[in-house]
1. Among Ala373, Ala364, Ala402, Ala388, which is the only one that is touching a residue at least 12 places away in the same chain (Cβ under 8 Å) and within 29 Å of Arg531 (Cα to Cα)?
2. When you scan the stretch 263-271, do you find a residue that is among the acidic types (Asp, Glu), within 19 Å of Leu82 (Cα to Cα) and at pLDDT 95 or above, even just one?
3. Do we have Leu293 as of a type in the set (A, V, I, L, M) and touching a Pro at 6+ places or on another chain (Cβ under 8 Å) here?
4. With Arg255, Arg267, Arg277, Arg236 as the choices, which residue is free of Cβ contacts under 8 Å to residues at least 40 places away in the same chain, outside the structural domain of Val136 (by TED's automatic domain parsing) and either open to solvent by 40 Å² or more (accessible area, probe 1.4 Å) or part of a loop (DSSP other than H, G, I, E, B) (or both)?
5. I'd like the full set of residues that are touching a residue at least 60 places away in the same chain (Cβ under 8 Å), over 16 Å from Pro83 (Cβ atoms), more than 9 Å from the ligand (Cβ to nearest atom) and buried (at least 16 other Cβ atoms within 10 Å of the Cβ), limited to the stretch 15-72.
6. Restricting to the stretch 317-337, name every residue that is open to solvent by 80 Å² or more (accessible area, probe 1.4 Å) and under 27 Å from the mean Cα position of the chain (by Cα).
7. For the stretch 185-211, what are the residues that are open to solvent by 50 Å² or more (accessible area, probe 1.4 Å), in contact with a helix residue (DSSP H, G or I) (Cβ under 9 Å, 6 or more places away or on another chain) and not in a loop (DSSP other than H, G, I, E, B)?
8. When the stretch 401-419 is examined, which residues are found to be polar (S, T, N, Q) and open to solvent by 10 Å² or more (accessible area, probe 1.4 Å)?
Amino acid sequence: MTAITFSPDVSGTITDGVLVVTLDNPPVNAASQTVRAGIMAALAHLNGNSTLKAMVMTGAGKSFVGGADIREFGKPPVDPILPDVVSAIEASAKPVVAALNGVALGGGLEIALACHQRIAAASAKLGLPEVKLGLVPGAGGTQRLPRLTGVAPAIEMIGSGRAVSAKEALTLGILDRVATGDLLAEAIDMSHAAGKSMRRTGMLSVPPSSDADIEAAAKKVLGKARGQTAPGQAIRLVKLAGEATLDTGLAEERRTFLELKDSEQARALRHVFFAERASAKVDGLDGVQPRKLETIGIVGMGLMGSGIAVSALDAGFRVIAVEQSAEAAEKGRTRIEDMLRKNLASGRIDQAGFDARVSRLKTAGDKTALQPADLVIEAVFDDYDVKATLFGALDGIVRDDAILATNTSYLDPDRLAAETKNPARVVGLHFFSPANIMRLMEVVKGAKTAPDVLATGLQLAKRLGKLPIVCGVTEGFIGNRIFSAYRKEAEFLLEDGASPAEIDSAMEKFGMAMGPFAVFDLAGLEIAWARRKRQAATRDPAERYSVIADRLCEAGRFGQKAGRGWYAYVDGKRQEDPAVTDMIAAARREKGIVPKDFTSGEITRRLVSAMADEGRKLLAEGIAARASDIDLVLINGYGFPAHRGGPMFMAGIE
Ligand code: T1G
């Protein structure tokens with residue numbers, strides 16, 4: 001069967017009078033200029049050749065089309081632009097059937113929507129994730145999707161950017177069929193019939209959605225948008241599909257897309273997209289094979305340890321979780337099973353999934369049960385002596401090729417490694433609580449951590465569905481060190497004239513999940529206080545220091561759990577407390593500071609700059625490999641708004 005080359009990435013073969021076109025632009029078949037030109041050439045060939053009755057379009061590899069080529073966004077559009085390609089598909093005189101062999105995302109789904117029929121492999125995923133890049137679909141998605149699904153489901157799907165399974169896409173009316181056997185054979189079969197009743201998506205009328213459903217969908221999307229522009233624009237465009245002609249809708253969609261494409265939020269979210277891919281590239285690991293991982297040992301079944309256990313069970317690992325006694329182990333098992341039961345009740349897992357997880361969980365009140373583990377994570381109280389004693393004991397229990405990982409937030413993994421006979425097998429895996437929810441994991445490379453041990457830690461993080469960021473050894477690693485600088489600057493702002501409420505309000509308006517003082521109260525003030533007391537002897541007297549937080553702790557104001565901290569808490573609600581206002585005023589008088597007023601913008605600039613300054617130090621010390629890694633830590637572990645890009649991005653530090 002001779003192949004016809006339409007472009008470097010697009011070729012075709014002919015079967016039973018059907019032109020079968022394959023898009024092959026690794027790794028995800030992004031709709032680059034050569035892909036777009038190839039599709040146009042294939043359409044011309046189809047409609048210019050009387051022996052051809054129809055066309056089937058499919059992708060090579062695991063993607064149909066992974067979207068428009070994001071790398072083109074920073075540059076002027078190059079013909080043929082995707083909207084023109086999509087319109088040409090829809091206008092074709094002969095039928096075009098989309099055979100979705102894998103992900104069809106963004107422009108990839110927009111190409112499929114313009115086809116006259118759509119069939120997908122059962123494993124395919126379909127979505128319009130543009131809002132995650134600060135955009136709206138720019139090639140007809142906001143106008144064609146609602147013509148298949150109705151306005152309300154289209155608002156939910158486009159506004160959230162979530163991908164749907166082939167099964168759900170069939171239910172929503174996006175697909176005509178889910179393949180049961182050979183996808184291409186079934187698609188060719190469909191194409192024979194498709195010519196009899198050419199259904200052009202853009203010509204369909206929008207199925208009715210009730211106003212209540214539309215508003216409910218819009219409310220749910222906007223509830224999660226928190227400062228992002230694109231979701232609201234997506235909702236407006238989808239609603240327009242139900243009110244205006246296709247041409248009007250497409251024109252408004254294109255105008256909106258081009259406007260958003262150059263926005264600060266879109267630039268920031270593109271930065272985050274590529275940052276996540278860059279963070280996986282770790283120096284010194286090329287060709288290094290991770291060790292086999294099947295059984296994960298966990299020491300400690302408190303909040304963190306049980307969260308790690310659930311995360312590992314969710315990922316399919318066998319888990320051996322131990323406590324100091326049989327009684328404590330039983331309590332730990334109950335805590336883990338209760339978390340699994342919650343996931344069962346919420347529908348996140350089904351009964352078979354629950355049973356499988358429980359069957360892979362072993363708990364014991366004796367550390368010797370850890371002997372079979374391939375990797376052991378300690379999640380015990382963050383006290384050096386406790387962890388050092390444990391590491392020494394584990395040395396004599398686990399196999400020589402087993403990896404020992406510490407979940408410590410602040411202690412020095414190199415010191416802990418020195419407690420073992422083989423420090424090369426020690427790595428830091430800093431989970432963020434709740435460990436089965438939070439995506440971020442700091443993977444701490446100790447001075448003697450072996451490359452394959454580091455590679456295994458990274459692989460474990462990915463298998464757990466985490467975003468691993470490699471960092472060096474320093475107190476607080478990347479996240480907590482930057483958060484400590486953020487805290488210090490926030491307290492200096494108090495001395496200079498701002499109030500906790502003004503600072504929290506400014507940072508929440510900026511897009512932080514919570515303002516700093518609310519976070520400190522939630523986390524509790526005593527741990528930071530203990531650390532400041534530990535550091536007091538070695539603190540540089542010339543360095544600015546605020547005593548206000550110490551005064552709060554000396555007064556027993558340890559935060560929300562104590563009922564008062566930076567705020568007073570009445571029925572769980574935070575209120576400004578005159579006693580704290582007086583403490584701040586006293587601290588200003590002692591330093592002879594005349595308080596000044598700060599605007600929200602000044603507060604935000606000063607605090608984000610403090611984070612970026614600490615980030616510069618982390619880069620200079622070699623603790624962080626790249627500035628974008630630091631942004632990812634703040635976004636995924638500390639509630640920094642992704643649509644701002646991160647403190648390093650905002651400071652223009654590449
Ligand atoms: N454009 C350019 N490069 C892309 C890309 C894209 N759309 N998607 C992925 N890559 C690169 C990525 O940077 C990495 O490069 C490699 O491919 C593997 O990616 C007009 C405007 C498809 C689910 O948002 O969700 O269409 O690091 O590690 O885990 O309306 O990539 O190897 O050099 O993620 O197998 C909409 C984005 C675009 C989908 C595959 N589409 N991509 O996941 O691989 S906007 C998206 C993904 C748009 C239209 C609008 C995932 C994936 P490198 P990877 P993966």
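The values are calculated or read from the model by the stated rules, or taken from the named source; none is laboratory data. Source: prediction; values computed, not measured. Note that each Cβ is placed from the backbone with ideal geometry, even for glycine, and that neighbours are counted across all protein chains shown. SASA here: full protein model, heavy atoms, side chains in, ligands and nucleic acids out. Shrake-Rupley method; radii C 1.70, N 1.55, O 1.52, S 1.80 Å.
1. Every option except Ala388 fails the conditions.
2. Step one: list which residues in the stretch 263-271 are among the acidic types (Asp, Glu), which gives 264.
Restricting the remaining residues to those that are within 19 Å of Leu82 (Cα to Cα) gives none.
No, the stretch 263-271 contains no residue that is among the acidic types (Asp, Glu), within 19 Å of Leu82 (Cα to Cα) and at pLDDT 95 or above.
3. Numbers: of a type in the set (A, V, I, L, M): yes; touching a Pro at 6+ places or on another chain (Cβ under 8 Å): no.
No: the conditions fail for Leu293.
4. Sole residue among the options that is free of Cβ contacts under 8 Å to residues at least 40 places away in the same chain, outside the structural domain of Val136 (by TED's automatic domain parsing) and either open to solvent by 40 Å² or more (accessible area, probe 1.4 Å) or part of a loop (DSSP other than H, G, I, E, B) (or both): Arg277.
5. Within the stretch 15-72, Val18, Val20, Lys53, Ala54, Met55, Val56, Thr58, Phe64 qualify.
6. Across the stretch 317-337, the qualifying residues are Arg318, Arg335.
7. Met203, the sole residue that qualifies.
8. Asn407, Ser409
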